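Encoded as structure tokens, the structure appears first; notes follow it.
The values are calculated or read from the model by the stated rules, or taken from the named source; none is laboratory data. For clarity, every value in this text was computed on a predicted model and none was experimentally measured. For neighbour counting, all protein chains shown are included, and Cβ atoms are generated from backbone atoms with ideal geometry for every residue, glycine included. Just so you know, the surface numbers come from the protein's heavy atoms only, side chains and all, with ligands and any DNA or RNA stripped out. Shrake-Rupley method; radii C 1.70, N 1.55, O 1.52, S 1.80 Å.
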Amino acid sequence: MCGIVGVTAADSSVFQGKTIGRVLRELLKMLEYRGYDSVGIAVISDGNIVVRKGKGKIDEVSDKLKFDEITGLTGIGHTRWATHGVPNDTNAHPHKDCEGSIALVHNGIIKNFSEIKKKLAGKGHVFKSDTDTEVIAHLLEDKLSDHNRKTFLTALKEVLEELEGSYALAILYSRDGERIYFAKKLSPLIIGVGNRVNLVASDIPALLEYTSTIIPLKDGEYGWISPDKIVIKYGDELVDYKARIKTVDWSIENVSKAGYPHFMLKEIYEQPLALRETFYGLQSDPNLEYIVERLVESDKVYITGAGTSFHAGLVFKYFLSKIGGRASLPFISSEYMQVTEEVGENDVLIAISQSGETIDTLTAVRSFKITGGKVIAVSNVLESAIPRESDFAIYMRAGPEIGVAATKTYLTQVITLSYIAIQYGYKSGRLTSSEYRDLIEKLSYAPQLTESSIRYSEPFAKMYSKDLKYKKSMYILGRGLGSILALEAALKVKEIDYIHAEAYPAGESKHGPIALVEKGFPVFFLYTLNHRAELVGNMKEMHSRDGEIYVSTPDQEAIRDSIRDARVIPVPIYDNEILEPYAHIPAYQLLSYYIAVEKGYDPDKPRNLAKTVTVE
Ligand code: F6R
């Protein structure tokens, strides 16, 4: 986790009247979702390095330490999600060497930091923090002191050879002036190529104020940027990066709140648009046909992802079986060791990751590839690690998601995977061409249905959140596809509201979970198309134990006729299972959002979580 940035400009006019301290603060705000327990910046000012850093959120720390007063043209910044060392002022980045001529920020984990620290302490280096990062600054200092004529880049190469683990680094060296050194292994790092300004950052949103031209770096690359030059090396070789320069079509408006109180709400509202873009993008995706062929010809289909992405994978499993008649094997990415023994050359893995950087999913992809199996990535971030390391990639077009909780990226994953399942059904001969066309047409209603779901359910989500904020625990139950969607609904409530929410197949609930139900215990049901009679039966079982019944339903009458005091959450009417996610899921996203607001929590930055999880 953690977000890093670096910016180096030819002159102050590039910053349009802002100081570099202000610029770094704004760039870091774009990365705040990657970590937010402490923050810091380092700037080259009159040939020296000025560091300001502290525990707390970006605005708090930068106001307190007056970031906006710091002038200069070259600086780096960091927003932290603690791994080694508690969040406090000393452990905040940047970290310096003994002499103070090197300052660096780091995202990743240095696994062998204790050995290096011991060795350097023996040589007289004095460490101030408990972090793994600080050893890199001292190791650089040590390499530079080996003999006088060594360049900083040579010292950096030697340091990288000693480090085990993962890193994205941005480094200032006061003796080399207006330059930022960088290095990447396993953690994301992107160069932004601007006009009289160059940047590095963990993620694209931090670059957009100054450029939409990027160079995604590859593992093992290191080098430096100045306002008008970029040097990338791999080992001793200079990298010719010209052909790798890309333009992204994300805009700064996409990554600002645009009048919404939180990114999460904005992103829930953006879903119809994101679904439309994704759906029409799929129709012209040149990779899709080949990918579907690979799936049809494969021996076994595996599916992996973490958190929400895994939940989208389960929806894929459901439709691949229902529509394509094809069994598949889903596994949670961090549990890849359970399956890799059995994988063969003709097997395919669908690896789902919105960020494309989740280390668990990346590790699963790598292990799968060792067996000779083929990997198809489904991601939202162009050229991120997982699509890059996969054999084929399909991109959703959700745009940047800043809120930590996945919302629009879930539904765009679901539409992408449903589309692939329909294509599979047709290609494998299970669907006739008219059935195929009919299903694609149904799926094209997803954006509209999502829009209606938001409109119908929002007032009820707001109203119920006032009671639900007092609850400690709840069930979310469904049958068939409903039980899979319930998993995602429950994850939202857990992560944003800090309420224990458990998803369960409704039919299974009487084999144990019902024991917890007592007066006032909330039990939610997704009243999905199939198994409606059985669902009503399960509602009655919970109701007769005094459970408080909540139902997301396109048919309010049917629910009220069966249970008079049920609290309904109206969702729009739909006539095909393929549309079920878009009718029900927005209601639960809004519910979790409003409960968090009622409880006074920040839904964009839930405690203990980070948007991109790059630690195992
Ligand atoms: C939940 C959430 C996480 C992510 C998970 C995987 O709202 O955001 O559970 O879904 O960390 O992330 P990606 O999809 O980036 O691999």
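If I filter region 390-408 for residues that are open to solvent by less than 10 Å² (accessible area, probe 1.4 Å), more than 21 Å from D249 (Cα to Cα) and within 10 Å of the ligand (Cβ to nearest atom), do I get at least one hit?
Within region 390-408, one or more residues are open to solvent by less than 10 Å² (accessible area, probe 1.4 Å), more than 21 Å from D249 (Cα to Cα) and within 10 Å of the ligand (Cβ to nearest atom).
Would you check if there is a residue in region 278-286 being in contact with a Lys or Arg (Cβ under 7 Å, 6 or more places away or on another chain), within 16 Å of the ligand (Cβ to nearest atom) and hydroxyl-bearing (S, T, Y)? Walk me through it before giving the result.
Of region 278-286, the ones in contact with a Lys or Arg (Cβ under 7 Å, 6 or more places away or on another chain) are 278, 281.
Within this subset, residues satisfying the condition of being within 16 Å of the ligand (Cβ to nearest atom) are 278.
Next, only the ones that are hydroxyl-bearing (S, T, Y) stay: 278.
Yes, region 278-286 contains a residue that is in contact with a Lys or Arg (Cβ under 7 Å, 6 or more places away or on another chain), within 16 Å of the ligand (Cβ to nearest atom) and hydroxyl-bearing (S, T, Y).
Tell me which residues, restricted to region 598-616, are over 18 Å from H500 (Cβ atoms), of a type in the set (D, E) and either open to solvent by 40 Å² or more (accessible area, probe 1.4 Å) or within 11 Å of the ligand (Cβ to nearest atom) (or both).
First, pick out the residues of region 598-616 that are over 18 Å from H500 (Cβ atoms): 600, 602, 604-605, 610-616.
Filter again for of a type in the set (D, E), leaving 602, 604, 616.
Passing the criteria: D602, E616.
Does any residue in region 301-327 that is under 25 Å from E616 (Cα atoms) come within less than 7 Å, Cβ to Cβ, of a residue that is open to solvent by 10 Å² or more (accessible area, probe 1.4 Å) and of a type in the set (K, R) six or more places away or on a different chain, and which pairs are these?
Pairs found: V301/R326; I303/K317.
State whether the residues of region 39-52 include one that is within 26 Å of D604 (Cβ to Cβ), assigned to a strand (DSSP E or B) and open to solvent by 10 Å² or more (accessible area, probe 1.4 Å). Break it down stepwise before answering.
We begin by selecting, within region 39-52, every residue within 26 Å of D604 (Cβ to Cβ); these are 39-41, 52.
Add one more test, that the residue is assigned to a strand (DSSP E or B), and what stays is 39-41, 52.
Add one more test, that the residue is open to solvent by 10 Å² or more (accessible area, probe 1.4 Å), and what stays is 52.
For region 39-52, residues within 26 Å of D604 (Cβ to Cβ), assigned to a strand (DSSP E or B) and open to solvent by 10 Å² or more (accessible area, probe 1.4 Å): present.
Looking at I578, I595, I499, which is the one that is within 16 Å of the ligand (Cβ to nearest atom), in contact with a Leu (Cβ under 6 Å, 6 or more places away or on another chain), open to solvent by less than 10 Å² (accessible area, probe 1.4 Å) and among the aliphatic types (A, V, I, L, M)?
Numbers: I578 fails: within 16 Å of the ligand (Cβ to nearest atom); I499 fails: in contact with a Leu (Cβ under 6 Å, 6 or more places away or on another chain).
The unique qualifying residue is I595.
I'd like to check something: does region 556-571 contain any residue that is touching a Phe, Trp or Tyr at 6+ places or on another chain (Cβ under 8 Å), open to solvent by less than 50 Å² (accessible area, probe 1.4 Å), touching a residue at least 40 places away in the same chain (Cβ under 8 Å) and part of a loop (DSSP other than H, G, I, E, B)? Explain how you work it out, then say what you get.
First, pick out the residues of region 556-571 that are touching a Phe, Trp or Tyr at 6+ places or on another chain (Cβ under 8 Å): 558-559, 566-571.
Within this subset, residues satisfying the condition of being open to solvent by less than 50 Å² (accessible area, probe 1.4 Å) are 558-559, 566, 568-571.
After this cut, where a residue has to be touching a residue at least 40 places away in the same chain (Cβ under 8 Å) as well, the list is 568-571.
Applying the additional criterion that residues be part of a loop (DSSP other than H, G, I, E, B) yields 571.
Yes, region 556-571 contains at least one residue that is touching a Phe, Trp or Tyr at 6+ places or on another chain (Cβ under 8 Å), open to solvent by less than 50 Å² (accessible area, probe 1.4 Å), touching a residue at least 40 places away in the same chain (Cβ under 8 Å) and part of a loop (DSSP other than H, G, I, E, B).
From the list D142, D68, D132, which residue is at pLDDT 90 or above, closer than 25 Å to V23 by Cβ, acidic (D, E) and not in a strand (DSSP E or B)?
Values: D142 fails: closer than 25 Å to V23 by Cβ; D132 fails: closer than 25 Å to V23 by Cβ.
Just one listed residue meets the conditions, D68.
Show me the strands (runs of 3 or more DSSP E) entirely contained within region 183-286 in which 2 or more residues are within 21 Å of G77 (Cβ to Cβ) and more than 18 Å from the chain's Cα centre (by Cα). Show your work before the answer.
On the way: elements: 190-193, 197-201, 213-216, 221-226, 229-234.
Correct list: 190-193, 197-201, 213-216, 221-226.
Is it true that G399 is on the phi > 0 side of the Ramachandran plot, in contact (Cβ under 8 Å) with a residue 40 or more places away in the chain and outside the structural domain of L487 (by TED's automatic domain parsing)? If you could, list the steps in order and put the result at the bottom.
Numbers: on the phi > 0 side of the Ramachandran plot: yes; in contact (Cβ under 8 Å) with a residue 40 or more places away in the chain: yes; outside the structural domain of L487 (by TED's automatic domain parsing): yes.
Criteria met by G399.
Hey, any hits in region 224-242 for a residue that's of a type outside the set (S, T, N, Q) and under 30 Å from Y593 (Cα atoms)?
Going residue by residue through region 224-242, those that are of a type outside the set (S, T, N, Q) are 224-225, 227-242.
Restricting the remaining residues to those that are under 30 Å from Y593 (Cα atoms) gives none.
Scanning region 224-242 turns up no residue that is of a type outside the set (S, T, N, Q) and under 30 Å from Y593 (Cα atoms).
Under 7 Å by Cβ, and 6 or more places apart or on different chains, what pairs join a residue from region 101-125 that is touching a residue at least 60 places away in the same chain (Cβ under 8 Å) with one that is open to solvent by less than 50 Å² (accessible area, probe 1.4 Å) and among the basic types (K, R)?
Every condition considered, no pair remains.
Among the listed residues T79, T71, identify the single one that is free of Cβ contacts under 8 Å to residues at least 60 places away in the same chain and not basic (K, R). Spell out how you get there, then give the answer.
Values: T79 fails: free of Cβ contacts under 8 Å to residues at least 60 places away in the same chain.
Criteria check complete, one pass: T71.
Residue under question is G507, and the condition is that it be free of Cβ contacts under 8 Å to residues at least 24 places away in the same chain, of a type outside the set (K, R), away from the ligand (no atom under 16 Å from the Cβ) and over 24 Å from Y582 (Cβ atoms); does it hold? Before the answer, list the steps.
On the way: free of Cβ contacts under 8 Å to residues at least 24 places away in the same chain: no; of a type outside the set (K, R): yes; away from the ligand (no atom under 16 Å from the Cβ): yes; over 24 Å from Y582 (Cβ atoms): yes.
No: the conditions fail for G507.
Does any residue of region 110-123 turn out to be out of contact with any helix residue (DSSP H, G or I) (no Cβ under 7 Å at 6 or more places or on another chain), crowded, with 22+ Cβ neighbours inside 10 Å and within 27 Å of K57 (Cβ to Cβ)?
So in region 110-123, the residues out of contact with any helix residue (DSSP H, G or I) (no Cβ under 7 Å at 6 or more places or on another chain) come out as 111-112, 114-115, 118-119, 121-122.
Right, trim to crowded, with 22+ Cβ neighbours inside 10 Å and you get none.
Among the residues of region 110-123, not one is out of contact with any helix residue (DSSP H, G or I) (no Cβ under 7 Å at 6 or more places or on another chain), crowded, with 22+ Cβ neighbours inside 10 Å and within 27 Å of K57 (Cβ to Cβ), which makes the answer no.
Quick check on this structure: which one of A377, A461 is in contact (Cβ under 8 Å) with a residue 40 or more places away in the chain and either buried (at least 22 other Cβ atoms within 10 Å of the Cβ) or within 15 Å of the ligand (Cβ to nearest atom) (or both)? Walk me through it before giving the result.
Numbers: A377 fails: in contact (Cβ under 8 Å) with a residue 40 or more places away in the chain.
Just a single option satisfies the conditions, and that option is A461.
Out of (1) farther than 19 Å from Y419 by Cβ; (2) within 16 Å of the ligand (Cβ to nearest atom), what's the single condition that is false for M337?
For M337, the failing item is (2).
Return a yes/no flag: does region 93-103 have any residue that is in contact with a Phe, Trp or Tyr (Cβ under 9 Å, 6 or more places away or on another chain), assigned to a loop (DSSP other than H, G, I, E, B) and buried (at least 23 other Cβ atoms within 10 Å of the Cβ).
Scanning region 93-103, I find no residue that is in contact with a Phe, Trp or Tyr (Cβ under 9 Å, 6 or more places away or on another chain), assigned to a loop (DSSP other than H, G, I, E, B) and buried (at least 23 other Cβ atoms within 10 Å of the Cβ), so the answer is no.
Assuming I420 fulfils every condition listed in (1) closer than 13 Å to S353 by Cα; (2) of a type in the set (A, V, I, L, M, F, W, C); (3) in contact with a strand residue (DSSP E or B) (Cβ under 8 Å, 6 or more places away or on another chain) apart from one, which condition is it?
Unmet for I420, out of (1) closer than 13 Å to S353 by Cα; (2) of a type in the set (A, V, I, L, M, F, W, C); (3) in contact with a strand residue (DSSP E or B) (Cβ under 8 Å, 6 or more places away or on another chain): (1).
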